[in-house]
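Undergrad: Dropping the structure in here first, questions after.
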Amino acid sequence: MAKKITQRKVVLVSFLVNLLDVITNLVVALVTGSAVVFGQMAQGLGDGVGSALLVLGARRAARPPDARHPLGYAREAFFWSILSAVSMLIFGAGLSAWRGVQQLMDPKPLDTPLLAVAVLVLAVFTNGYAVGLSARKLGVGRAGLRKVLQRVDQPLVKGAFIRDVIGTFTSILGLVALLLYNMFGLLVLDALGALSAAVCMAVGSIVLMAQARALITGRSLSEEKLRDLRAAILADPMVEAVNNLVAIHSGAFEILVDTDLDLREDLNTTQIEAVLDSIEARVRVIMPEVTRVRVLLNSP
C-alpha cells in the first residue's frame, strides 16, 4: 500500500529542492559565470524565502482566538501569502533579470559551460520530482489542473506546486539556452535564458498574488460545494427551506457558513436548539474545515 503524501512532506521536499538549487547553482554560477545558472539560483532563493513565509503565516494563522481577535487569526495567512509572492518577484524575477541584463550589456564568455548544463539537468529532475509529489497530493490527475488552480484549499501545497512548476520550467528554458550556446557560441543566449526565467517568475508571482487576493476579498465556495452544503442542511427533517446560503473562505484553512432557514412551526425552544446543533454537525461532517456556522431563523 502506497504511503499517504502529507502536506508536511510536500512543503519539506519543495524547500529542500530550493535549498539544493541555491547551493549548487550559486557555486556553479561563480565557477562558470553563467547568467542562466545565476537565475536558477535566484529562483531557488525566491521560492525558499516564499515557502518559509507561507509556513510562518500558517502557524500564525492557527493561533486561537483571544479578546482582541475573537474570530481568530485565520485571515493573517493571506497577508503572508502576499509577502510570499512578492519574495518571488523580488528575489527570483528581480535578481534573474538583473543578471540577464548585465550579461546582455557586458557579455562575458562562460568557463566550463558543460558544468552549467549538468547542474541544470539536476535541477530539472529535482524540481520535476517535487512537482509530481505536490500534484499527487492535490489530485491533479483526478480533478484536472484547471480545477486544482481554481480551488483555494491546501494553500501551502498549491503554492509549492506552482513554485516547483516554475522551477522546472525555468530549468528547462535555461538548459535549452545553454545547449544552444554550446552549439553556436552566442553569449546573448545565456542572457536571454536568464531574462526568460525572470519573466516566468514574474508571471508566477502575479498568479500567486491573484490567489491571495481572491481569499482576502472573501471568495465563495464553488457551486458544487454550496450544493453539498444545502443538501446536508435540507437533510434535517425539521428544516422546511433554505432561503439563503453563503459560505466563504475566512482563512487559509477555515470556512464561514451563513444561512437563512425556515423551520417547522411546531418546534419549541429546546427542539430548535437541537436542530441548530444537528445542522452544524451535518455541515462539519461533509466539510470539516468549517469553523463557524451562523443561522438566521424565519417562520415559514
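Undergrad: So what is the 222 nm mean residue ellipticity for the chain from helices alone, if each DSSP H run of at least 4 adds -39500 (n - 2.57) and you divide by all residues, rounding to the nearest 500 deg cm²/dmol?
TA: -22500 deg cm²/dmol
Undergrad: Also, I was wondering about something else. Is the range 126-201 best put as rounded, prolate or oblate by its Cα gyration tensor, with a ≥ b ≥ c the root eigenvalues, rounded for a/c under 1.5, and otherwise prolate when a/b is larger than b/c, oblate when not?
TA: prolate
Undergrad: Output the antiparallel fraction of DSSP beta bridges having both residues in the range 223-298, as a percent to the nearest 5.
TA: 55
Undergrad: Quote the charge dipole size of the chain about the Cα centre in Debye, to the nearest 20; the model charges only the Cβ of Lys and Arg (+1) and of Asp and Glu (-1).
TA: 660
Undergrad: Once you have the Cα-Cα distance between residue 289 and residue 5, take 0.36 nm times their residue separation minus that, and quote the gain in nm to one decimal.
TA: Gain in length upon complete extension: 100.3 nm.
Undergrad: Which is farthest toward the positive dipole end of the chain among 46, 27, 296, measuring Cα position about the Cα centre, with Cβ charges +1 (Lys, Arg) and -1 (Asp, Glu)?
TA: 27
Undergrad: Within a Cβ distance under 15 Å of residue 47, other residues only, what is the Lys/Arg minus Asp/Glu net charge?
TA: 0
Undergrad: Quickly work out the residue 101-to-residue 234 label distance, labels modelled 7 Å from Cα along the C-beta direction, and quote it in nm with one decimal.
TA: 5.9
Undergrad: OK, next. Can you work out ³J(HN,Hα) from phi for every residue in the range 224-233, in order, using Karplus 6.51 cos²θ - 1.76 cosθ + 1.60 and θ = phi - 60°, giving whole Hz and x for Gly and Pro?
TA: Residue by residue, the range 224-233 yields 4, 5, 5, 5, 5, 5, 4, 5, 5, 5 Hz.
Undergrad: Now a separate question. Quick one: putting +1 on the C-beta of Lys and Arg, -1 on the C-beta of Asp and Glu, what dipole do you get for the range 223-298 around its Cα centre, in Debye to the nearest 20?
TA: 200
Undergrad: Once amide H atoms are placed 1.01 Å from N in the peptide plane, what residues at a sequence separation of 5 or more from residue 263, or on another chain, have their amide H within under 5 Å of its amide H?
TA: Result for residue 263 returns 240, 298.
Undergrad: If you don't mind, there's one more thing I want to ask. Give the label of the value calculated from the structure for Rg/Rh (Cα atoms, Kirkwood Rh), choosing from [x] 0.96; [y] 1.29; [z] 1.14.
TA: Label of the calculated value: [z].
Undergrad: Go through the range 259-273 residue by residue and turn each phi into a ³J(HN,Hα) via Karplus (6.51, -1.76, 1.60, θ = phi - 60°); whole Hz please, and just put x for glycine and proline.
TA: Once rounded to whole Hz, the list reads 9, 10, 10, 10, 9, 4, 6, 8, 7, 8, 4, 4, 5, 4, 4.
Undergrad: While we're looking at this one, here's another question. Given 238, 175, 220, which one lies farthest toward the positive end of the charge dipole of the chain, if we put +1 on the Cβ of every Lys and Arg and -1 on the Cβ of every Asp and Glu?
TA: Most positive-ward Cα: 175.
Undergrad: So which aspartates and glutamates can residue 225 reach, going by Cα to Cα under 13 Å and dropping same-chain residues fewer than 8 places off?
TA: Straight-line reach from residue 225, under 13 Å: 153, 289.
Undergrad: Among DSSP beta bridges lying fully in the chain, give the percent that are antiparallel, nearest 5.
TA: 60
Undergrad: Which order do peptides 210-223, 86-99, 266-279, 22-35 fall in by mean Cβ count within 10 Å, highest first?
TA: 86-99, 22-35, 210-223, 266-279
Undergrad: Okay, next question. I'd like the distance between the alpha-carbon centres of the range 1-76 and the range 185-250, rounded to an integer number of Å.
TA: 20
Undergrad: Provide the gained length on full extension for the span residue 30 to residue 108, in nm with one decimal, where the gain is 0.36 nm per separating residue minus the Cα-Cα distance.
TA: That works out to 26.8 nm of additional length.
Undergrad: Here's another thing I want to ask about it. So how far, in whole Å, is the C-alpha centre of the range 107-178 from the one of the range 254-288?
TA: Between the Cα centre of the range 107-178 and that of the range 254-288, the gap is 45 Å.
Undergrad: OK, next. Tell me which residues come under 5 Å, amide H to amide H, from residue 72 once H is placed; ignore anything under 5 positions away on its chain.
TA: 66
Undergrad: Starting from the alpha-carbon convex hull of the range 203-279, give the projected area averaged over all orientations, in nm².
TA: So the mean shadow area of the Cα hull is 6.1 nm².
Undergrad: Using θ = phi - 60° and the Karplus form 6.51 cos²θ - 1.76 cosθ + 1.60, what ³J(HN,Hα) does each residue of the range 162-174 get, whole Hz, x for Gly and Pro?
TA: With the stated coefficients, the range 162-174 comes to 4, 5, 6, 4, 5, x, 5, 5, 5, 5, 5, 4, x Hz.
Undergrad: Order of 256-264, 45-53 by packing, highest average Cβ count within 10 Å first?
TA: In descending order of packing, they fall as 45-53, 256-264.
Undergrad: Ranked highest first by the average count of other Cβ atoms within 10 Å around their residues, in what order do 128-134, 60-66, 177-183 fall?
TA: Answer by packing, highest mean first, reads 128-134, 177-183, 60-66.
Read-outs throughout are calculated quantities, based only on the coordinates presented, and are distinct from any laboratory measurement. Since we're looking at a predicted model, the values are computed, not measured. Here Cβ is always computed from backbone atoms with ideal geometry, including for glycine, and neighbour counts include all displayed protein chains.
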